[in-house]
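The values are calculated or read from the model by the stated rules, or taken from the named source; none is laboratory data. Since the structure is predicted, the reported quantities are computational estimates derived from the model, not experimental observations. With ideal geometry, Cβ positions are generated from the backbone for all residues, glycine too; neighbour counts draw on all protein chains shown.
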Amino acid sequence: MTTVVPLLLPTILYVEDDDDIRSVVTEVLTSEGFDVHAVSSAEDALGDLTKRTFDLLLTDYRLSRENADWLLREGTARGLLSRTAVVVLSSDPKPKGIEGYTFLRKPIDLDVFSAAIARALGDRIAPLVPPSVRPSEPQANLRKLVLTLYVTTTSRGSQKAIRNLHRIVAKFETAKIRLSICDVERPSADVVSGQSIEEDRIVVTPTLVVRAFGPKVSIAGDLSDAAMVEGVIERGLAELAGGSP
């Protein structure tokens, strides 16, 4: 039986008291596929942490009232950060009170910033994807468009592909789509074999394999070209609606 994998966007609580900077960074993170909740103060951030768990706390060090060291100290004392990664941004070379947390000095190169966020989230993103899920055979899923995304969940590109695919698939009627996520680094003999990877001729990850009734289509890369992926899915759904195996 095929498992349908719920793709969850990693959540980021972002703290920055400068409105312009907060807007720009939020836009960057959102474009990368993250679910971002932005606030302007450490006090507001602490309140939000009491209400829900975030995958990542991203905070500027110097804030208008309490600084990041206060937020981290209070959050830790109340047990609010035990399941949350932390990244602190600052123009200070050695801000105090953030020892043990990831520190990025401003200004930050965008690629370095994105890579640091991916590393910080790495251990928290990977569990969202089952160790491996058996790809569906087309005959076992008639009238379903079968999408199999082969990933290496520890890599930034695969994590981005998972987030991008989530956003793309959400635009379609999900009842007509069967989705599997396969981590090639953690194969299990009873669910995914090397044979399935060989059959789909997977050379690099991430690679999305799309199956309808006709020949399968493979798309390698982080799926950032949403229009292309949407077009392939649309053609596959149209084939299912109008044809038969």
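The table that follows gives values for the structure above.
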{"item": "Qualifying positions in the range 109-139 - at pLDDT 80 or above and either assigned by TED's automatic domain parsing to the domain that holds Ala161 or surrounded by 12 or more Cβ atoms within 10 Å (Cβ to Cβ) (or both)", "result": "Phe113, Ser114, Ala115, Ala116, Ile117, Ala118, Arg119, Ala120, Leu121"}
{"item": "Filter pass, Ser31 being of a type outside the set (A, V, I, L, M), within 25 Å of the chain's Cα centre (by Cα) and at pLDDT below 85", "result": "yes"}
{"item": "Residues (assigned to a loop (DSSP other than H, G, I, E, B) and modelled with pLDDT under 85) located in the range 161-177", "result": "Glu173"}
{"item": "Gly75, sole failed condition from (1) under 24 Å from the mean Cα position of the chain (by Cα); (2) assigned to a helix (DSSP H, G or I); (3) not hydrophobic (A, V, I, L, M, F, W, C)", "result": "(1)"}
{"item": "Qualifying residue in the range 38-51 (condition: touching a strand residue (DSSP E or B) at 6+ places or on another chain (Cβ under 8 Å) and at pLDDT below 95)", "result": "no"}
{"item": "Pick from the range 15-28, criterion in a helix (DSSP H, G or I) and under 30 Å from Leu223 (Cβ atoms), ranking: farthest from the chain's Cα centre (by Cα)", "result": "Ile21"}
{"item": "Residue tally, condition part of a loop (DSSP other than H, G, I, E, B) and either in contact (Cβ under 8 Å) with a residue 12 or more places away in the chain or under 21 Å from the mean Cα position of the chain (by Cα) (or both), over the range 200-231", "result": "16"}
{"item": "Selected residue [in contact with a strand residue (DSSP E or B) (Cβ under 7 Å, 6 or more places away or on another chain), among the basic types (Lys, Arg) and at pLDDT below 95] from Lys106, Lys96", "result": "Lys106"}
{"item": "Any hit, the range 33-50, residues being in the same structural domain as Gly100 (by TED's automatic domain parsing), closer than 16 Å to Leu104 by Cα, without any contact (Cβ under 8 Å) to a residue 40 or more places away in the chain and surrounded by fewer than 17 Cβ atoms within 10 Å (Cβ to Cβ)", "result": "no"}
{"item": "Residues of the range 140-156 satisfying the condition of being at pLDDT below 85 and not basic (Lys, Arg)", "result": "Ala140, Asn141, Leu142, Thr152, Thr153, Thr154, Ser155"}
